[in-house]
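One structure below.
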Amino acid sequence: MSNQNRAGGKELAELLHGVTHRVVGPLQGLMVDVVLTDSRQARPGAMFVALPGSTVDGHAFVGQARQRGCTVLVVEEQWWSRPLALGDAGQDGVTWVVVADCRKALAHLAAAFFGNPAQEMCLIGITGTNGKTTTSYLVEAMVRACGGKPGVIGTVEYRFGDSREPASLTTPEPVILHGVLRRMADGGVTHVIMEASSHALSQERLHGLRFDVALFTNLSRDHLDFHGDMESYFQSKRRLFFKQLKGDGAAVVVIGGEQPPEINWGRRLYTELREKREARSTRTAPEGEVGEGETTGAGPREVFDCGEKEGVIVLGPARFSANGIVAAVRTPTGVWPLNSPLVGEFNARNLLGAIGVGVALGLDGELACQGLTGVARIPGRLERVPASSAAAIFVDFAHTPDALENVLRTLRKLAPTRLIVVFGCGGDRDSGKRPLMGQVAGRLADVVIVTSDNPRSEEPAAILRQIETGLATNALSRRRAEEMLGRPDGRGYDVIESRRQAIGLAVRHAGPGDIVLLGGKGHEEYQITRAGRRHFNDREEAQQQLCAISW
C-alpha cells in the first residue's frame, strides 16, 4: 500500500469546512494537492501543518516550509499571536490558516482530503494494554467467515485483501491513516478493525472518527513514561468510548482476569458507561458523547452489554489444553460453539472480547466461530518456533508485567520440565516496570536470562540492572547460564547483554521437556540501539542458532 496523498487535490475552502479557523492570505480557488507535517517535503501545492510535539515543535519549521514554496501553512493561535520573524505574513502569496489545535485540525484536514473514507465502512476500535493485536486477528476472521471484507490497522501491519504494509505505528498519524482508509474503502472493505493506542487517542490522531463498536481489553502498567500515571493512561483509553463512539454504537468491555477488584479498570469503565447511559435518558448529551444504544461487555467469565439489548456473555464449561480451548459461550443471541487452537486463559479473554464484538455486529454465531477456529497463529503472540529441538520454543510480545505473567502462567500449566525465559525491557520507556517484570520472571520461571530488548538511547547495562533488582527479590540465585542450562535440574538467572548470545544459549542448551520463552519483541523485525536500527527477529534467531548446531 502506498502512503502517498490522494491525486488531484482539493480546494482549501472545502478542506476547511467544519474547522474553526481564520485565514490570512488568498483562499478562493486555492488548491491543495498534498497534506504533510514534514517541512522537508514541502513544495508548491502542499499544505504544511505545524504539529506541536513533546520534544520538537513543528512551528519551528514553518520558515523552512515557507522557503520551500509551501502553499498553505497551518499554525496554532498561540504561536501566531507571537511576534513573527517571517516578514509580512499573507503578503507573499502564502496562505496562513490559524487554528486552536493543529492536531485536531490535521485529523479533520486529512479525512477531508481523502473524502472521509471512514464514513463508508463499519469501524471497530480496540484499545487496552494487552490483547489488541490478537483480538484484531480474531475479529477479522469472524467478519470474513460471515461474508464481510475486513481491513486491519494495527501493531503488526495494515492489511486488507492481498495488500500488506508493515506498521509504522500501531495507530498511524492522520495523513497515513486516512490514506489507508481511502484505499480500503476503494478496495471494497466493509469492516475496519483498528487498534487504538493510548498515544493516538491522546494525540488526537483519531479525532473526528466515530466507531460503530469499541472494545476495551484490559489495562495494566505500560507507557507511564508518556502518561505519567495509571489514571491518565486510563483517561486516554476512555476517550474511545466517551468521545469517539457513535450515539448508537456498542462498547464491549472485558472484565476479569487476575487483577484485584480495586484496580479493575474494565469494571470501572463499565460502571461509568452505565451511569452515562442512565444520565442520557434524562438529558441531551453534548456532541461527541456516548449515546443511547451503547453496550459493554466483559470476560473471562462474562461480557456485559449495557445498552438497549442488555445481556450477558458467559464462558460456559471450558476445556483448556496445549491444543487450545473448547467451550460453549452463552450470548444474548444464543450459544456460540467455541473451538480455538489458541491456548491459555488470557486468550479465553481475548476470544470472549472478540465474541462480544461479534454479538454487537450481529454476526451469525456458528459462522463466526468457524472463523475463530481457523486462527491458529498470531505473529509474535505465543508463537511456536518451527524448529527441530528437544524443547518447545515460543516467542511472545509480552512487554509489560501483566502480559509476561499471563504467558508464563499459561506455559507453566503445560507442565514443562523447566520453564526458561529470555527477556529484557525497552529503553526510553517506563523504567518503573523493569523491576516488576524481573519479579514476575523470577517467581514463575525456573531459568531466567535477562538481556537487551530495544535499549534505544539508554545504556543497556543500566536497564539490565533495574530488571535484576526485581529478580533479586526471588529465590533464584545468579549463576552462569552455561552452568545452569547444562544440567537438567539447573535453576537460576543470568544477565547477558547480547540478545543473540542469550537466545543462543537458551535454545541450544534447553533439554527434553523444557519450554523456552523469548519474550518482549514478538513480531518485531528489528532491534534499536544507540547505533541505530538493525534487523533482528527472535524467531529467526532461534532457528538460526539451532541450525548452527545441526551443522
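FYI, it's all coordinate maths here, none of it is from the lab. Quick caveat, the model's predicted, so the values are computed rather than measured. Virtual Cβ from ideal backbone geometry, glycine too; neighbours counted across all protein chains shown.
What's the angle, to the nearest 10 degrees (0 to 90), between helix 499-509's Cα axis and the longest principal axis of the chain?
Here the helix axis deviates by roughly 30 degrees.
Which value, in debye to the nearest 20, gives the size of the charge dipole of the chain about its Cα centre, when Lys and Arg are +1 and Asp and Glu are -1 at the Cβ?
The calculated dipole for the chain is roughly 800 debye.
Please arrange Val254, Val329 by how many other C-beta atoms lie within 10 Å of their C-beta, fewest to most.
Working: Val254 31, Val329 26.
The most exposed by this proxy come first: Val329, Val254.
7 Å from Cα along Cα→Cβ at both Gln78 and Gln64: what's the point-to-point distance in nm?
Distance between the two pseudo-spin positions: 2.3 nm.
Sorted by average packing, counted as other Cβ atoms within 10 angstrom per residue and highest first, what order do 212-220, 501-509, 48-56, 428-436 take?
Numbers: 212-220: 26.8, 501-509: 21.7, 48-56: 16.3, 428-436: 18.8.
Highest to lowest by the protection proxy: 212-220, 501-509, 428-436, 48-56.
Would segment 420-551 count as rounded, prolate or oblate if I go by the C-alpha gyration tensor, calling it rounded below 1.5 in a/c and otherwise prolate when a/b exceeds b/c, oblate otherwise? Let's see the in-between values first.
Numbers: a/c = 2.04, a/b = 1.09, b/c = 1.86.
Oblate is the answer for segment 420-551, as a/c is 1.5 or above yet b/c matches or exceeds a/b.
What distance in nm separates the two pseudo spin-label positions at Tyr526 and Lys104, each 7 Å out from Cα along the beta-carbon direction?
3.3 nm
Students often get this wrong, so try it: which of (1) 72, 60, 44; (2) 79, 56, 43; (3) 73, 52, 45 is Cα extents along the principal axes in Å as calculated from the structure shown?
The listed entry that was calculated here is (2).
Using the alpha-carbon atoms, what tilt in degrees (0 to 90, nearest 10) does helix 460-471 show relative to the longest principal axis of the chain?
In the chain, helix 460-471 runs at an angle near 60 degrees to the longest axis.
Given an 8 Å cut-off on Cα distances and at least 6 residues of separation, report the relative contact order of segment 104-261 as a percent. Numbers along the way, then the final one.
Details: 277 pairs, mean separation 48.4, N = 158.
Reported relative contact order: 31 percent.
Just subtract the alpha-carbon distance of Cys547 and Asp489 from 0.36 nm times their residue separation and send over the number in nm, one decimal. Intermediate results must be reported in sequence, preceding the final value.
On the way: separation 58, 0.36 × 58 = 20.88 nm, distance 2.52 nm.
That pair, Cys547 and Asp489, stretches by 18.4 nm at full extension.
Name the residues of segment 317-338 whose amide N is less than 19 Å from a point 7 angstrom out from the Cα of Asp364 along the C-beta direction?
329, 331-338
For Ala472 and Lys149, compute 0.36 nm times the residue count separating them, minus their Cα-Cα distance, and round to one decimal in nm.
111.2 nm
To the nearest 10 degrees, how steep is helix 230-242 against the longest Cα principal axis of the chain, on a 0 to 90 scale?
Around 60 degrees separate the two axes.
Rounded to the nearest 0.05, what FRET efficiency do Arg533 and Arg221 give with R0 = 22 Å and r taken as the Cβ-Cβ distance? Could you check? Spell out each step's value before the answer.
Working: r = 26 Å, r/R0 = 1.19.
It comes to 0.25.
Does segment 196-238 classify as rounded, prolate or oblate by the C-alpha gyration tensor (a ≥ b ≥ c root eigenvalues; a/c under 1.5 gives rounded; else a/b over b/c gives prolate, otherwise oblate)?
On the way: a/c = 2.73, a/b = 1.50, b/c = 1.82.
Oblate.
Pulled fully out, how much extra length does the chain show between Lys413 and Arg480, if you take 0.36 nm times their separation in residues and subtract their Cα-Cα distance? If you can, show how the numbers build up before the last one.
Details: separation 67, 0.36 × 67 = 24.12 nm, distance 2.70 nm.
Computed gain between Lys413 and Arg480 is 21.4 nm.
If you take every DSSP beta bridge fully contained in segment 383-550, what fraction is antiparallel? Give it as a percent rounded to 5. Write down the numbers at each step before the final one.
Values: 6 of 24 bridges.
Restricted to segment 383-550, the bridges split so that about 25 percent are antiparallel.
Compute, for segment 88-230, the length of the dipole vector about the Cα centre, with Cβ point charges of +1 (Lys, Arg) and -1 (Asp, Glu) only. Units Debye, rounded to 20. All intermediate terms of the calculation are to be shown ahead of the outcome.
Details: 12 positive and 16 negative charges, 94 e Å.
Roughly 440 debye for segment 88-230.
In terms of the Cα gyration tensor, with a ≥ b ≥ c the square roots of its eigenvalues, is segment 10-111 rounded because a/c is under 1.5, prolate because a/b exceeds b/c, or oblate? Numbers along the way, then the final one.
On the way: a/c = 1.25, a/b = 1.11, b/c = 1.13.
Rounded, since a/c falls under 1.5.
For Glu459 and Arg164, what is the calculated FRET efficiency with R₀ set at 30 Å and r taken between the beta-carbons, to the nearest 0.05? Spell out each step's value before the answer.
Numbers: r = 36 Å, r/R0 = 1.20.
After rounding to 0.05, the efficiency reads 0.25.
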